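S.K.: Would you mind keeping the following structure in view while I ask a few things?
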Amino acid sequence: MTDLMTHTSASTGAGNMVLRFLPRRKSLFDAYGRGDDAMFLYSITHPDTGEWEQGAGHLHDAATLVRDYVIASSNNGMPVHFSDGEKIIRNENA
């Protein structure tokens, strides 16, 4: 069974994303801890603009996603400079 971990973020630009925790959901920090050696796959979508990114990253702390490597994106495979508004950040942990 897949455990879908979901957060939201209001962060903008192509840098780190500050995560908001959703009630009654397992967090990325619970699953992976923090540090460069605790990398995981993520997806970020901005439902209002159609911006999206898939990549690999790690947590700097319990609430900061570091976007290390972009695998695919709405910006031709480059990091997305996300616009204002709420983004959805997900990770599927099988």
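The values are calculated or read from the model by the stated rules, or taken from the named source; none is laboratory data. Just so it is clear, the model here is predicted, and its values are computed rather than measured. Note: ideal-geometry Cβ built from the backbone for every residue, glycine included; neighbour counts use all protein chains shown.
S.K.: For segment 64-94, which residues satisfy the criterion of being over 19 Å from residue 50 (Cα atoms), assigned to a strand (DSSP E or B) and hydrophobic (A, V, I, L, M, F, W, C)? First the steps, then the outcome.
M.R.: Kept after step one, since they are over 19 Å from residue 50 (Cα atoms), are these residues of segment 64-94: 64-66, 68-69, 92-94.
Adding the requirement that they be assigned to a strand (DSSP E or B) leaves 64-66, 68-69, 92-93.
Matches in segment 64-94: 65, 66.
S.K.: Turning to a different aspect of this structure: For residue 23, indicate whether it is more than 12 Å from the chain's Cα centre (by Cα), modelled with pLDDT of 70 or more and in a loop (DSSP other than H, G, I, E, B).
M.R.: On the way: more than 12 Å from the chain's Cα centre (by Cα): yes; modelled with pLDDT of 70 or more: no; in a loop (DSSP other than H, G, I, E, B): yes.
No.
S.K.: When only residues in segment 26-57 that are surrounded by fewer than 12 Cβ atoms within 10 Å (Cβ to Cβ) and of a type in the set (Asp, Glu) count, which is modelled with the highest pLDDT?
M.R.: 48
S.K.: Could you list, in sequence order, all residues of segment 1-12 that are more than 13 Å from the chain's Cα centre (by Cα) and either assigned to a loop (DSSP other than H, G, I, E, B) or at pLDDT 95 or above (or both)?
M.R.: Of the residues in segment 1-12, the ones more than 13 Å from the chain's Cα centre (by Cα) are 1-3.
Listed by number, the residues that qualify are 1, 2.
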